[in-house]
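This report refers to the structure that appears directly beneath it.
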Amino acid sequence: MSKKLNLKYVFVVGGVMSGVGKGVAAASIGKILQSRNFNVTATKIDPYVNVDAGTMNPTEHGEVFVLDDGTECDQDMGNYERFLNCDLASTNYMTTGSVYQTVINRERNLGYGGKCVEVVPHIPLEILSRIDKAAAKNNADIIITEIGGTVGEYQNVLFLEAVRMLKLRKPNDVVLVLVSYLPLQGKEGELKTKPTQYAVRELNSAGLQPDIIIARASVPIDKKRKDKIAFNCSMREEDIISAPDVISIYEVPINFEKDNISEVILKKMSLRPRGRDLKEWGDLVHTIINTEKPVRIGIVGKYFNTGDFVLTDSYLSVLEAVKHAAFFIKRKPVIEWLNAEDFDTALNPMHKNNLKKLSEYNGIVIPGGFGERGIEGKIAVTRHCRENKIPYFGLCYGMQIAVIEFARSVLGWKQAHTTEINAETSHPVIDILPEQKKNLAEKNFGASMRLGAYPAVLKKGSIAYSAYKKYLISERHRHRYEVNPIYIEELEKKGLVFSGFSSDKKLMEIIELSHKEHPFFLGTQFHPEFKSRPLNPHPLFVEFIKTGIKH
Ligand code: GLN
């Protein structure tokens, strides 16, 4: 048996500015090293004090991603799962808040044996021990760790200190990658390297020298600029990797390999390459780039606006899941963001006209959400889709909204609602889980929803069953409210099909209308989007898009 290698560490940090694609760069490096037959896992470090991402508004920090074990985390974790095609766990995620919480609890339990507990080294040591635990749990040869934030800011200094300490201990096992940005000056101007040089100085002042620089820019970086960065930052030209803008994030691993990034990393870690297999991934990228025939999907949501900007990050996994399914059936996904409030006729009677535009789409998705804003607009959209046979896919809140709409329009319960919005409604068709009532009363909001993967049983002959092609599924949840069991029988009598439920039949997981009523009208209490992968698209998204194309 071959000797187990030393664990190798790749750290990814960002320079110059945020939003340059550090998460995708980290996930892509992981993918490439995986394609060279190493066992790879990834961890994400978020520098904020929140213990997890669960309490943050999506417009603040993008989508809250949920893992199988219920961890509410950063959307980059979704990128790792999608690129590496793996299921991660709480051990793969940490924040400043969670690290401090562990250290403080340990101190309270005399875990430091009466020593003075200090920011350095105890915080970096806890960070390193978590990285090692994540690697061990995933039996990894290489662990990629992305450090959130940008070098030079105060928030992530302790994480950089952890890298410094580790490099000191294991100089041959650690590779530090700086993802930096090169602005293009003027229309025909040149790529400017100075901000990257300053970012490297910042790293130097933290006691670190990057091993690799990923040069993000709108265009590929030429040899002259590579030489300039290499010379000024005491590096070799081959260590500077060109990372121009791409059509699809899934192109990134292929692009990095054009500059031989895997050879460079493996050499620095004294690892011998073990073959190379990026073929399936390459085929996917070929489909993405060369598919012309569109499928148009409208996503109706509310977390779009921050100041003058429109952010679609809040629904990142939904977006990716739609894309995966579209690529799978060789269609080009054309996704449009529709603001829920633009369909609320109480806000403006003219909004009625917007409903007509819904038939321009192959399908409409109503994703997850919380609270009152936009809900009447979403209900109006749902009704229009149901009555006009437009393919409809409701995710979590979207499923609850479909039940409310059905109860109002088909059963005539005009006031039917979720108690999240109207606690006094005559027909609380969506109601809070009994165990959740206590959490709300005690203001216990952190990590207290129904979270993570739960099994569900599917009904034979249903659309859900024909999509999954199996009876037992496991899907990820993030909600406090549920279909109220006292109304199930009456809803069923009028044609609402409960096609997925918990094995004790207490919790309803999927609703749908039969094929005879509607080509595709389906809602899930869980979030299928969290499990969709580019090479393994989610069966319900595939079924939705397939039907959408036919209609
Ligand atoms: N607000 C709803 C609930 O808490 C739906 C949540 C969601 O869409 N993730 O049950």
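Quick look at the numbers
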{"item": "Selection count, region 377-403, where residues are within 15 Å of the ligand (Cβ to nearest atom) and polar (S, T, N, Q)", "result": "2"}
{"item": "Per-region count, region 112-129, residues at pLDDT below 95 and among the small types (Gly, Ala, Ser)", "result": "2"}
{"item": "Within region 261-281, considering residues that are among the small types (Gly, Ala, Ser) and surrounded by fewer than 16 Cβ atoms within 10 Å (Cβ to Cβ), the one farthest from Ala27 (Cα to Cα)", "result": "Ser270"}
{"item": "Qualifying position, being touching a Phe, Trp or Tyr at 6+ places or on another chain (Cβ under 8 Å) and surrounded by fewer than 21 Cβ atoms within 10 Å (Cβ to Cβ), among Lys493, Lys550, Lys459, Lys438", "result": "Lys459"}
{"item": "Cβ pairs under 7 Å, 6+ apart, first in region 411-424 and under 14 Å from Leu491 (Cβ atoms), second away from the ligand (no atom under 12 Å from the Cβ) and in a strand (DSSP E or B)", "result": "Ala416/Val429"}
{"item": "Residue in region 202-221 that is surrounded by fewer than 21 Cβ atoms within 10 Å (Cβ to Cβ), β-branched (Val, Ile, Thr) and touching a strand residue (DSSP E or B) at 6+ places or on another chain (Cβ under 9 Å) present", "result": "yes"}
{"item": "Inter-residue pairs, beta-carbon under 8 Å, first touching a residue at least 60 places away in the same chain (Cβ under 8 Å) and in region 103-128, second among the aliphatic types (A, V, I, L, M) and surrounded by 14 or more Cβ atoms within 10 Å (Cβ to Cβ), 6+ apart", "result": "Ile127/Ile45; Ile127/Met94; Ile127/Val99; Ile127/Leu158; Ile127/Ala162"}
{"item": "Output for region 205-226, where each listed residue is modelled with pLDDT under 95 and of a type in the set (Asp, Glu)", "result": "Asp222"}
{"item": "Residue pairs meeting the criteria (Cβ under 7 Å; at least 6 apart or on separate chains; first part of a loop (DSSP other than H, G, I, E, B), in region 288-311; second at pLDDT 65 or above and hydroxyl-bearing (Ser, Thr, Tyr))", "result": "Tyr303/Thr59; Tyr303/Ser314; Phe304/Thr312; Leu311/Thr59"}
{"item": "Residue satisfying condition, being surrounded by 17 or more Cβ atoms within 10 Å (Cβ to Cβ), assigned to a strand (DSSP E or B) and among the hydrophobic types (A, V, I, L, M, F, W, C), within set Ile123, Ile127, Ile131, Ile147", "result": "Ile147"}
{"item": "Residue within region 345-356 that is more than 16 Å from the ligand (Cβ to nearest atom) and either under 24 Å from the mean Cα position of the chain (by Cα) or surrounded by 24 or more Cβ atoms within 10 Å (Cβ to Cβ) (or both) present", "result": "no"}
{"item": "Unique match (being within 21 Å of Ser317 (Cβ to Cβ), touching a residue at least 12 places away in the same chain (Cβ under 8 Å), touching a Gly at 6+ places or on another chain (Cβ under 6 Å) and of a type outside the set (Val, Ile, Thr)) among Gly369, Gly394, Gly374", "result": "Gly394"}
{"item": "Criterion violated by Ala416 - all others in (1) within 13 Å of the ligand (Cβ to nearest atom); (2) over 25 Å from the mean Cα position of the chain (by Cα); (3) at pLDDT 95 or above satisfied", "result": "(1)"}
{"item": "Residue in region 146-163 that is at pLDDT below 95 and of a type in the set (Phe, Trp, Tyr) present", "result": "yes"}
{"item": "Enumeration of residues in region 398-418 that are of a type outside the set (Phe, Trp, Tyr) and under 25 Å from Tyr315 (Cβ atoms)", "result": "Gly398, Met399, Gln400, Ile401, Ala402, Val403, Ile404, Glu405, His417, Thr418"}
{"item": "Test for Ile366: is it within 16 Å of the ligand (Cβ to nearest atom), surrounded by 17 or more Cβ atoms within 10 Å (Cβ to Cβ) and closer than 26 Å to Met399 by Cα", "result": "yes"}
{"item": "Condition broken by Pro428, with the remaining ones in (1) at pLDDT 95 or above; (2) of a type outside the set (A, V, I, L, M, F, W, C); (3) within 16 Å of the ligand (Cβ to nearest atom); (4) on the phi > 0 side of the Ramachandran plot satisfied", "result": "(4)"}
{"item": "Counted residues, region 516-531 - those being more than 18 Å from Ile364 (Cβ to Cβ) and part of a loop (DSSP other than H, G, I, E, B)", "result": "3"}
{"item": "Filter pass, Gly374 being modelled with pLDDT under 95 and more than 10 Å from the ligand (Cβ to nearest atom)", "result": "yes"}
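The values are calculated or read from the model by the stated rules, or taken from the named source; none is laboratory data. The structure presented is a predicted model; accordingly, all values stated were derived computationally and were not measured. Positions of Cβ are backbone-derived with ideal geometry, glycine not excepted, and every protein chain shown enters the neighbour counts.
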